[in-house]
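**Q** Quick one: structure below, then a few questions.
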Amino acid sequence: MIKLYDYPQCPFCRKVRIVLAEKGIKYERIFVDLRKKEQKKEDFLRLNPYGKVPVLIDDGVVIYESSVINEYLDEKYPNPPLMPSDFAARAKVRILVDFCESHFFPLWYNIYKEITFKTEHERNKGSIEKSKNEIKEYLYRLDRELKGQEYLAGSYSLADIAFTPKIVLFESLGIQVDSELKNVRSWVEKIKSRSSYKALE
Ligand SMILES: N[C@@H](CCC(=O)N[C@@H](CS)C(=O)NCC(=O)O)C(=O)O
C-alpha cells in the first residue's frame, strides 16, 4: 500500500492528500511530528534529503516535493485525470502550479506565520497588510484566468489542487476575495463543495 509521510496542517501534504482522495487511492498515513523535528532524523533524511514532508512511497519508489508527487500520482493512476491531455494546456497547468507555489504561497505564508506563531502584539501589521495587498492583485489575475471556465485549466486539475490548501485558510487569515471577483468566488465555492475537500482534515 502507498505510504504518505504526512503532517496534517502542512499545505503541501494537503495537496497530495487531495489528489489521493480524488483518485480514490487507499494509503497509509504516517505522522511525522514536525514540532519534534522528526523530519530531520537520519531515517527520514534518507527518504528526503531536504528533511521535509510530504514523502510518498509507492512500490518501493520514494518521491518527495508535493508537485512532483502529484504529477507522479496522476501519471501512474490516470483515473480521473487531473492534467489535460493537450500539451499546451498541460504547460499552462504547470505555470499555474508554479505561480501558486513560487509567488502566491510566500505571501500567504507570511500572513500565516505572523498570525499563527505570534501574539497580536508581536505581529508585523505592515507586513501582513503588504502581503494582503499583493495577494489581492494575484486574485485579480486568477479571476482573469478563470474567465469563462469553471476551473483554472477548464476542467479540474492539479492547478486548482495547488491552491486549495491556501484557500481553506482565507477566512481565518483575513484574506478577502473582493465581491467583484465573481469568477474567483464561484471557483472557491466549487472547490469547497468537492468531496476531496475533506482530505484537508
Ligand atoms: N517544496 C516542498 C515544501 C515542503 C515543506 O516545506 N514542508 C514543510 C511542512 S509544510 C516541512 O516539512 N517543514 C519542515 C522543515 O523545513 O524542517 C514541497 O512542495 O513538498
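The values are calculated or read from the model by the stated rules, or taken from the named source; none is laboratory data. None of these values were measured; they are calculated from a predicted model. Counting neighbours? That spans all protein chains shown, and the Cβs are built from the backbone with ideal geometry, glycine included. Accessible surface is based on the protein model in full, side chains and every heavy atom, while ligands, DNA and RNA are left aside. Shrake-Rupley method; radii C 1.70, N 1.55, O 1.52, S 1.80 Å.
**Q** Would you tally the residues in the range 51-81 being touching a helix residue (DSSP H, G or I) at 6+ places or on another chain (Cβ under 9 Å) and either of a type in the set (Lys, Arg) or near the ligand (Cβ under 8 Å from one of its atoms) (or both)?
**A** 9
**Q** For the range 18-40, what are the residues that are under 17 Å from Glu65 (Cβ atoms) and more than 9 Å from the ligand (Cβ to nearest atom)?
**A** Ile18, Val19, Leu20, listed by residue number.
**Q** Could you look through the range 51-81, keep only residues that are open to solvent by less than 40 Å² (accessible area, probe 1.4 Å) and under 14 Å from the mean Cα position of the chain (by Cα), and pick out the one that is nearest to Lys41 (Cα to Cα)? Break it down stepwise before answering.
**A** Restricting attention to the range 51-81, the residues satisfying the condition of being open to solvent by less than 40 Å² (accessible area, probe 1.4 Å) are 51, 53-58, 63, 66, 69-70, 73-74.
With under 14 Å from the mean Cα position of the chain (by Cα) added as a condition, the list becomes 53-54, 66, 69-70.
Details: Val53: 12, Pro54: 15, Ser66: 20, Ile69: 22, Asn70: 25 Å.
Top of the filtered list is Val53.
**Q** Filter the range 68-109 down to the residues that are in a helix (DSSP H, G or I) and of a type in the set (A, V, I, L, M) and list them by number. It would help to see each step written out before you state the result.
**A** Narrowing the range 68-109 to residues in a helix (DSSP H, G or I): 68-76, 87-109.
Scanning the range 68-109 gives Val68, Ile69, Leu73, Ala88, Ala89, Ala91, Val93, Ile95, Leu96, Val97, Leu107.
**Q** Let me ask something else about it. Could you please give the count of residues in the range 18-47 that are in contact with a Leu (Cβ under 7 Å, 6 or more places away or on another chain), open to solvent by less than 40 Å² (accessible area, probe 1.4 Å) and not hydrophobic (A, V, I, L, M, F, W, C)?
**A** So the answer is 2.
**Q** Another question, if that's okay. Looking only at the range 1-17, filter to residues that are open to solvent by less than 40 Å² (accessible area, probe 1.4 Å) and away from the ligand (no atom under 12 Å from the Cβ); which one of those is farthest from Thr164 (Cα to Cα)?
**A** Applying the filter and picking the extreme gives Ile2.
**Q** Which residues, counting only those in the range 159-179, are farther than 14 Å from Ile115 by Cβ, within 17 Å of the chain's Cα centre (by Cα) and not β-branched (Val, Ile, Thr)?
**A** Ala159, Asp160, Ala162, Phe163, Pro165
**Q** Identify, by number, the condition in (1) in a helix (DSSP H, G or I); (2) closer than 30 Å to Phe87 by Cβ; (3) open to solvent by less than 60 Å² (accessible area, probe 1.4 Å) that Gly154 doesn't meet.
**A** Single failed check for Gly154: (1).
**Q** If Thr119 meets every condition in (1) outside any strand (DSSP E or B); (2) within 14 Å of the ligand (Cβ to nearest atom) apart from one, which number is that one?
**A** Every condition holds for Thr119 apart from (2).
**Q** Anything in the range 108-135 that is surrounded by fewer than 16 Cβ atoms within 10 Å (Cβ to Cβ) and among the basic types (Lys, Arg)? List them, or say none.
**A** Lys113, Lys118, Arg123, Lys125, Lys130
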